[in-house]
1. Has the range 114-124 got any residue that is over 25 Å from R312 (Cα atoms) and either of a type in the set (S, T, Y) or modelled with pLDDT of 95 or more (or both)?
2. When the range 295-321 is examined, which residues are found to be more than 23 Å from the chain's Cα centre (by Cα), among the charged types (D, E, K, R) and more than 18 Å from I332 (Cβ to Cβ)?
3. Scan the range 308-329 for residues that are open to solvent by less than 20 Å² (accessible area, probe 1.4 Å) and part of a helix (DSSP H, G or I) and jot them down.
4. Among the residues of the range 266-276, how many are at pLDDT 95 or above, of a type outside the set (S, T, Y) and farther than 13 Å from S113 by Cβ?
5. Counting only residues that are of a type in the set (G, A, S) and not in a helix (DSSP H, G or I), which one in the range 256-268 is surrounded by the most Cβ atoms within 10 Å (Cβ to Cβ)?
6. Name every residue in the range 127-149 that is at pLDDT 95 or above and part of a loop (DSSP other than H, G, I, E, B), in order of residue number.
7. Assuming Q305 fulfils every condition listed in (1) open to solvent by 20 Å² or more (accessible area, probe 1.4 Å); (2) assigned to a loop (DSSP other than H, G, I, E, B); (3) out of contact with any strand residue (DSSP E or B) (no Cβ under 8 Å at 6 or more places or on another chain) apart from one, which condition is it?
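The values are calculated or read from the model by the stated rules, or taken from the named source; none is laboratory data. It should be emphasised that the depicted structure is a prediction, and the values quoted were computed from it without experimental measurement. Reconstructed Cβ throughout: ideal geometry from the backbone, glycine too, with neighbour counts over all protein chains shown. Keep in mind that these areas ignore ligands, DNA and RNA; they rest on the heavy atoms of the full protein, side chains included. Shrake-Rupley method; radii C 1.70, N 1.55, O 1.52, S 1.80 Å.
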Amino acid sequence: MFCLIVDWLVALALALALALALAPDDEKETKHLRALDGADTCLKLFQIDLLNYDSILAAVNGTVGVFHLASPCIVDKVHDPENQLLDPAIKGTINVLRAAKEAGVKRVVVTSSISAIIPSPNWPSDVVKGEDCWADIEYCKQNGVWYPLSKTLAEKTAWEFAKENGLDVVVVNPGTVMGPILPPTLNASMLMLLRLLQGFASRPVLSHSSCIFLSPYNRKAPCLLLGSSIEFLSNAGCTETYENFFMGSVHVKDVALAHILVYENKSASGRHLCVEAISHYGDFAAKVAELYPEYNVPRLPRDTQPGLLRARDASKKLMELGLQFIPMEQIIKDSVESLKSKGFLS
């Protein structure tokens, strides 16, 4: 199942008449993208493996830019962190950047996450968390919070590679991504919302899928987009909440646009927090309950993320590039209506 971000980035790129290439692991996973306007002439398929450098280089050659979205996502109990999360995230990032450097790519946009910002329990309690805040590596290791560890180490690896090799890299750090669904299945964040509407307060059970996505993006010469998918193992409840995984919501259209903006604006540099506002999961759940009282939405404490200061203008860097974020209320409405239209919610 393709990442919701990837789907909308493809849709936006096709709308701009940009050349695309896709590397699926199952043809049925791309059927909805093949149906998009422009896909018949602008969409091309590749097959790669993030841990196979040669396969990546073959796809990157001839491109001018790379969007790297691929990373395994497992927020349930991880039995083998090194092989399930750390190696694919870190070594995969190195392979993509090596290929980009060898191919002479001008700019690489890396999709990181707020999971490379939180959990950060030692951050000053009176300072808003932003691009200068990093997830606490030792805390993640000691508490078995492996997904944030993988995202943090992968992003740090990207910055180290960029500095040592003179590669132009910029990063987008999205929060909990929701909005209209393009693929036939749900991503992690949309499943979280669905489960909330069904009366569950916990996060979903996730695993990594081997599907890899590529897309050359450019008006004159193609550039490359890499993405990954998330596969749901179970709809069963789990007891851990989003304490270490939630920092605010963001509309998927805004995330896709953020990628285009930081790619095209040469003044863009460094990390870019991408949330409509910094908020707590309790705020999100309360807004869902307010908008949809007919559902059995759990009543949660207001402060579900201890030490996380709320902020309306946390994503200043993207705002300065011209991005006007869709507010939480509209994010929820678009998401719920999409769940209904796709038959996931009655």
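1. Taking every residue of the range 114-124 in turn, none turns out to be over 25 Å from R312 (Cα atoms) and either of a type in the set (S, T, Y) or modelled with pLDDT of 95 or more (or both).
2. Scanning the range 295-321 gives a single hit, D303.
3. The one that is open to solvent by less than 20 Å² (accessible area, probe 1.4 Å) and part of a helix (DSSP H, G or I): L318.
4. 3
5. A268
6. V127, V128, K129, G130, E131, D132, C133, W134, A135, D136
7. It fails just one condition, (1).
The rows are residues; the columns are (1) open to solvent by less than 30 Å² (accessible area, probe 1.4 Å); (2) farther than 17 Å from P81 by Cα.
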{"site": "E138", "(1), (2)": "no, no"}
{"site": "W146", "(1), (2)": "no, no"}
{"site": "S150", "(1), (2)": "yes, no"}
{"site": "N165", "(1), (2)": "no, yes"}
